[in-house]
Amino acid sequence: MQKPPDLRTSTSQPEARSSEFVAVEGGQPSTSAEALLVTAYILMWALVLVFVLLTWRRQQTLEARLGQLEKALSDAKQRAPD
Amino acid sequence: MQVAGFEALVTLPRRFYEYRMQRSGLIFHLLLALTSALVFYLIYFIFLHTPTAQPESGGFAQKIFYFHVPSAYAMYLSGVVCFAASAAFLVRPTDARNAWAQAGAECAVLFSLLVLTSGPLWAKKAWGVYWTWDPRLTTLLLSALIYAAIVVVRTFVGDGEPERRFVAAIGVLGTVNLPIIHYSVQKWGGNHPTVITGRGGGLRSVEMREALWLGFATMTLLTIMLLWARARSAWLRSRVDSLEERMLDAGLEL
């Protein structure tokens with residue numbers, strides 16, 4: 001039976017695992033102004049768009065229901081004896 | 001004859017309101033087209049004509065300001081509509097007043113969400129954190145929660161007369177916080193900038209000032225349009241409810 005490889009000496013181990021962080025000259029900040037700006041604009045206009053779409057859909061539903069009710073009421077009035 | 005004339009006079013505002021609500025489609029669509037055109041022009045103007053501010057104020061991210069501040073102003077506007085309509089409803093309840101009070105609260109929630117999403121993203125660049133318990137941020141969050149509470153109560157509790165009176169009272173009391181938000185920066189300090197002041201403000205470039213005024217004009221139109229649409233929805237809901245009630249009373253099938 002073959003012995004398993006010794007992990008402490010194995011070449012598959014990463015040569016230099018990060019054990020410290022060193023500042024890099026000219027490094028870029030993780031949150032760029034452009035990314036934040038674009039995210040803000042997308043979020044804001046997405047919120048407005050969803051609100052407008054929900055309002056439009058709600059009005060369509062209510063207008064349809066109102067039409068149904070008014071028609072039912074006028075039909076009932078016509079059917080009613082004088 | 002005299003009684004009929006008096007009745008016609010008394011119901012004139014209601015009939016005018018109903019007429020306006022039903023026949024105002026064209027004006028509404030014109031307003032929608034104008035608002036959309038202004039939004040696109042404002043975005044173009046902000047990105048291509050307005051200079052970038054100093055790095056301490058967020059640099060390129062400062063361009064959030066031209067929608068962030070007008071959104072806060074739109075929240076005030078919606079809050080004032082909610083306050084006026086709620087107060088009027090408490091004096092004399094009508095469906096129209098209730099509809100405008102509801103529309104004001106709903107739009108105030110939307111605009112406070114715009115402020116609360118755009119502000120932290122800008123703050124991350126300018127202050128290094130998304131959120132801090134600064135007096136202005138905290139008081140604005142409080143107002144957002146008050147208007148959200150009104151919307152939640154209206155949605156889940158019901159739309160009877162007592163519920164309408166209850167949310168109208170919150171609409172009146174909740175507005176007390178709006179001047180507190182505005183003056184919190186001057187009274188209690190904090191991180192929030194004080195660029196816009198009664199003494200002319202701190203925008204040092206003509207294009208910056210133009211972009212801000214354009215932002216105010218765009219948000220004013222957007223607020224009017226949204227308030228109108230939401231008030232119409234609320235008014236339609238009242239009409240549907242009243243017709244359903246009439247049909248039930250008459251023993252008709254719904």
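The values are calculated or read from the model by the stated rules, or taken from the named source; none is laboratory data. No experiment lies behind these values; they were computed from the predicted model shown. We place every Cβ from the backbone using ideal geometry, glycine too, and count neighbours over all the protein chains shown. For the accessible areas, the whole protein counts, side chains as well, though only heavy atoms, and no ligand, DNA or RNA atoms are used. Shrake-Rupley method; radii C 1.70, N 1.55, O 1.52, S 1.80 Å.
Assorted remarks:
- Pairwise burial A:B, computed as accessible area of each alone minus the pair, summed, 1.4 Å, Å²: 3400 Å²
- The largest accessible area among B:His29, B:His68, B:His49, B:His192 belongs to the first residue in B:His29, B:His49, B:His192, B:His68, and the rest follow in falling order (1.4 Å probe, all chains).
- For region B:154-254, the spread of Cα positions along each principal axis, largest first, Å: 69, 30, 18
- Taking θ as phi - 60° and the Karplus parameters 6.51, -1.76 and 1.60, the scalar couplings of region B:112-123 work out to 5, 5, 4, 5, 6, 9, 6, x, x, 5, 6, 4 Hz in sequence order, x denoting glycine and proline.
- The 3J(HN,Hα) values that the Karplus relation (6.51, -1.76, 1.60; θ = phi - 60°) gives for region B:175-186 are, in residue order, 6, 4, 6, 4, x, 5, 4, 4, 8, 4, 4, 6 Hz. Gly and Pro appear as x.
- Local electrostatic count at B:Glu210 - Lys and Arg +1, Asp and Glu -1, tallied over other residues with Cβ under 15 Å: +2
- Accessible area in the full protein assembly, largest first, 1.4 Å probe, for B:Asp134, B:Asp249, B:Asp159: B:Asp249, B:Asp159, B:Asp134
- Full extension of the segment from B:Leu30 to B:Phe216, taken as 0.36 nm per residue of separation minus the current Cα-Cα distance, would add 65.1 nm.
- Taking the 1.4 Å solvent-accessible surface of chain B as the whole, the part contributed by carbon and sulfur is 67%.
- Chain lengthening between B:Phe156 and B:Leu48 when straightened (0.36 nm per residue, less Cα-Cα): 34.3 nm
- The residues neighbouring B:Asn191, those whose beta-carbon lies less than 11 Å from its own, together hold a net charge of 0 under the Lys/Arg +1, Asp/Glu -1 convention.
- Taking amide H as placed 1.01 Å from N in the peptide plane, B:Thr132 has no amide H partner under 5 Å among residues 5 or more places away or on another chain.
- Exposure rank, largest accessible area first [B:Trp127, B:Trp133, A:Trp56, B:Trp122; 1.4 Å]: B:Trp133, A:Trp56, B:Trp127, B:Trp122
- The string of couplings for region A:65-73 from the Karplus curve (6.51, -1.76, 1.60, θ = phi - 60°) is 5, 4, x, 4, 5, 5, 5, 4, 5 Hz, one whole number per residue in order, with x for Gly and Pro.
- Estimated FRET transfer efficiency (B:Arg209, A:Lys77; beta-carbon r; R0 56 Å; 0.05): 0.35
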